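This report refers to the structure that appears directly beneath it.
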Amino acid sequence: MDEVGETDEMNEPEPDERRRRAAAWSGASRRLWDTPVERTVGERLDQLAELARRGHAFTDPHELVDTYGGGPVAEVERRVAELLGFPSAVFFPTGTMAQQVALRCWAGRTGSDVVALHPLAHPEVHEDGALVALTGLRTVHPTGEPRLPTAQEVRDHPEPFGTLMLELPLRDAGFVLPTWDELVDVVDAARERDAVVHVDGARLWECAPHFGRTLPEIAGLADSVYVSFYKSLGGISGAALAGPEDLVEEARVWLHRYGGLVFQQFPTALAALHGLAVELPRLPSYVAHARVVADGLRAGFEEAGVPWFRIHPGTPHTHQFQVWLPYDPETLTAASVALAETSGTVLFRRWFSPGAGGPPGVAATEVTVAGPALDWTGADVREAVAAFLSHLA
């Protein structure tokens, strides 16, 4: 999958081919979004230098750097807690670590080692079984449908569980979200079972437009929330866990035990502060424009007479969604590269197989709509679709 830090290593291209793809995509003059994996070390260093020059806008430049926390790291924690409406937050180097810590802390409080979550949730798909291997927790699945569980499915699950984990949005099902009323009902159903609710909010930042609610309102449904700084905010890496003060203080202990109490993280913290200050306010415009892009893609495929395609969800819930076409992944990825090399346009990037459970003979890709896409009209998207399809002939 075309996501920083979450690619399928078994399907990674050879180094020369990866460089070719990166050069084609990063050198293009028109693209829907930028990704750090397409940058050279020199380019990233230039970006860091610019961040250093502008860092005083996000934190006090005369403050001492962090040492095992504090400094800019503490400012990130304060800012996240404020944005989400929680009493406290703690900075983690990775979201995988943050969620494992959160779930094991809740297990100790509830007395249950069972976590209810979706089979497509991040701990089940992208963490090599770390949750079970490192915490001894056990997972159950209230639903196998490609969406979040319903309140009735939560109520009817036959086995007790102490924590319900909700990934908002559910990335591997197509960045899908429930309605606000459905989300409230699911949380209420968990409470009826005396379970706590933890939200995997790696992409929570862009959910507010869909729900029509503020971030504190959304996060306030849960007992704890994890957020990421690099998936939508353009950070280097890093995550935060927000929740009650006693939970956060226990999480700090486990942060140290997991080896996550890094000596200094000020570049990562500054990048997170930049994302919170600059990218976060822009996300609603990206979400709105994702609908323009999705409509343009649909019109382009229809005009070209493509016999079968799928845009999922039909109306994107966030600024990310899936596109499915009836070709093999290698052919579609090659066409994506060829389009960039010949026209300087990046419409799609990598394509992937839907796996054993998906229909044969099709491939999918993830589309992200960010700042560079705001200049694209629906006509621009349709034109790019036609040029992309020409490389499949």
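The values are calculated or read from the model by the stated rules, or taken from the named source; none is laboratory data. Quick caveat, the model's predicted, so the values are computed rather than measured. All Cβ positions, glycine included, derive from the backbone under ideal geometry; neighbour counts span all protein chains shown. All accessible areas refer to the heavy atoms of the entire protein, side chains included, with ligands and DNA or RNA removed. Shrake-Rupley method; radii C 1.70, N 1.55, O 1.52, S 1.80 Å.
Quick notes on this structure:
- Note on region 11-57: Kirkwood hydrodynamic radius from all Cα pairs is 12.3 Å, rounded to one decimal.
- Placing dummy labels 7 Å off each Cα toward the beta-carbon, the span from A277 to A49 is 2.1 nm.
- For the chain, the antiparallel share of DSSP beta bridges with both residues in that region comes to about 55%.
- Angle in degrees between helix 15-26 and the longest Cα principal axis of the chain, rounded to the nearest 10: 80
- Taken per residue, the accessible surface of region 341-393 reaches 41 Å², heavy atoms only and a 1.4 Å probe.
- Ordering of 363-369, 236-242, 123-129 by burial proxy (mean other Cβ atoms within 10 Å per residue, highest first): 236-242, 363-369, 123-129
- Net dipole in debye of the chain [+1 Lys, Arg Cβ; -1 Asp, Glu Cβ; about Cα centre; nearest 20]: 540
- Note on R30 and F263: with the Förster distance fixed at 45 Å, the Cβ-Cβ geometry gives a FRET efficiency of about 0.60.
- Quotient of Cα Rg and 2.2 N^0.38 Å for region 268-324, N being how many residues it contains: 1.50
- For the chain, the fraction of alpha-carbon pairs in successive 10 Å shells from zero, as %: 5, 22, 31, 26, 13, 2, 0
- C-alpha center-to-center spacing [region 142-162, region 284-340] in angstrom: 31
- Between the Cα long axis of helix 245-257 and the first principal axis of the chain there is an angle of about 70°, rounded to the nearest 10.
- Filtered chymotrypsin sites (Phe, Trp or Tyr not before Pro), region 241-270: DSSP coil and at most 15 other beta carbons within 10 Å: F263
- Diffusion coefficient (Stokes-Einstein, Kirkwood radius over C-alpha pairs, 4 °C, 1.567 mPa s) for region 279-368: 93 µm²/s, rounded to a whole number.
- Oblate is the label for region 1-152, because a/c, from the alpha-carbon gyration tensor with a ≥ b ≥ c as root eigenvalues, is 1.5 or above and a/b does not exceed b/c.
- For region 61-218, taking Cα atoms only, Rg and Dmax work out to 16.4, 57 Å respectively.
- On Cα atoms only, tilt of 71-84 relative to the major axis of the chain in degrees: 90
- With all protein chains kept in place, the per residue accessible area of region 183-324 amounts to 36 square angstrom at a probe of 1.4 angstrom.
- Region 185-326 - Rg (one decimal) and Dmax (whole number), Cα, Å: 18.9, 58
- Cα gyration tensor of region 242-302 - equivalent ellipsoid semi-axes, whole Å, descending: 39, 15, 13
- Summed over the residues of region 1-147 and divided among them, the accessible surface reaches 51 Å² per residue at a probe radius of 1.4 Å.
- Tail weight of P(r) past 20 Å, computed on alpha-carbon pairs of region 39-105, percent: 47
- Surface share of carbon and sulfur [accessible, 1.4 angstrom probe, percent] for region 37-86: 57
- Dividing the convex hull volume of the alpha-carbon atoms in region 241-393 by its residue count gives 183 Å³ per residue.
- For region 83-158, the Kirkwood estimate of hydrodynamic radius, built from reciprocal distances between every pair of different alpha carbons, is 13.8 Å.
- In plain terms, if you count all Cα to Cα distances in region 147-232 and split them into 10 Å steps from zero, the share in each step is 17, 54, 26, 3 percent.
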